[in-house]
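Just so it is clear, none of the values below were taken in a lab; they were calculated from the coordinates. As the structure is a computational prediction, the values presented were derived from the model and not from experiment. Note that each Cβ is placed from the backbone with ideal geometry, even for glycine, and that neighbours are counted across all protein chains shown.
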Amino acid sequence: MKKVLLYSVTLLCLLSFITACSDDDKTTSWQDISKTYSGNQLDLGTALIGSVGSVTVDAVSEEKANLTLTDIIPGENEVSLSATLQRGGMESSMVGDFILQGSATTSSCGITVRGYILNGVLKLDIVRTMTSPIVGNWNLTIANGLADVFITVKGTAADELLNSLGPLLGQLLAQKVEKVSASFGENGQLVIGYKMPGANTVELPPAEVSDALVSLLTWYEKDGTLYLALRKDVVGLLSELLPLLAGIDITPYLSLLELSGSYYVVPLQATVEGNSARLYVTKDFVQKVWPVVKTLIPEDNTFATFIPIIDGVITSAQSVEVGLGFTR
């Protein structure tokens, strides 16, 4: 009887082992990967914006899949592209059950995607390629103690007076900073630095957070407008990353910004001629921010005397442009 029981237990253990091995050897079929990946099932790393949006995979065969990127690409609510599908793992020596690779051109940039699906998680690297002439490293034009600040108002009796405020603001700005740099990366990364008078180096965000900058602050150009974009879910990190904002509550100012998908955006106009560029906001944006800006001007400041004039001009002017000049 004992031998029978021992034999039965041994047989059960053997069957369990065989079954377990069979389960381990079971491979994911291409039909199984068609689904929408988001949250913990989607890993975009630090190459773009984290896992805020979603990616839908529609596998049409063992060699092809259609991808839909929703709220992933800044400035694009949805991007569709065709990707090649290749089995990974032991058959290809590549990580993942399936390897995906594809590219597409959107209204704001070109994109390439490459990644894999492993254990139900989609790991995807997304690279944007910007073709705007603003791509490059720019410095605020400062010469002879004067920063290139311009104000252009048209259609009012106070045009000449208000336009003269540009050089005055430029002189004031040149006293506050020695250098302001803006790097518009081809991958959509935007890095802004500054150098205070007497400092030895340009202050940039800490190196340890450089990989996260694409997630935090980015840019894109669409329909003739240049957008500076800030992830709405990481606004709280700004005070830690940018020393100039330390101790400043920026929450009240967020209502002045436009909301586009997962981003707060600032619309700018840009004109680039050779190694010179002008970045400026227009009347619509000025009308929105002026009520807040004027509360920041001390009553004893020279510019406080212009507040009543500007109040009237902003609504009556045919056009208003306020901006900065940069040199590549």
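For the stretch 314-324, putting each phi into the Karplus relation 6.51 cos²θ - 1.76 cosθ + 1.60 with θ = phi - 60° gives couplings of 4, 7, 8, 5, 5, 8, 9, 10, 10, x, 10 Hz, in residue order, rounded to whole numbers and with x for Gly and Pro. Peptides 108-115, 162-169, ordered by how many other C-beta atoms sit within 10 Å of their residues on average, highest first, read 108-115, 162-169. Under 5 Å between amide hydrogens, built in the peptide plane, is the criterion, and for THR141 it picks out ASP148, GLY325, PHE326, THR327 among residues at least 5 positions away or on other chains. Quick check on my link table: of LYS64/LYS232; LYS232/LYS283; LYS179/LYS288; LYS35/LYS232; LYS179/LYS232, which ones sit more than 30 Å apart, alpha carbon to alpha carbon? In this structure, LYS64/LYS232 lie more than 30 Å apart at Cα. Rounded to whole numbers, the Karplus 3J(HN,Hα) couplings from phi for the stretch 144-150 are 6, x, 9, 7, 7, 10, 10 Hz, using 6.51 cos²θ - 1.76 cosθ + 1.60 with θ = phi - 60°, and x at Gly and Pro. Close amide H partners of GLU178, meaning residues 5 or more places away or on another chain with modelled amide H under 5 Å apart, are LYS195, MET196. Scalar couplings 3J(HN,Hα) for the stretch 270-282, obtained by applying the Karplus form with A = 6.51, B = -1.76, C = 1.60 to θ = phi - 60°, are 9, 10, 10, 10, x, 9, 10, 9, 10, 10, 8, 9, 10 Hz; x denotes Gly and Pro. Between the amide H of TYR263 and those of LYS232, distances stay under 5 Å, these residues lying 5 or more places away or on another chain, with hydrogens modeled in the peptide plane.
Which of the peptides 290-299, 255-264 is most tightly packed, and how do the rest follow, judged by the mean count of other Cβ atoms within 10 Å per residue? Intermediate values should be presented prior to the final figure.
Values: 290-299: 11.4, 255-264: 16.7.
Per-residue Cβ counts within 10 Å, averaged per peptide and sorted highest first, yield 255-264, 290-299.
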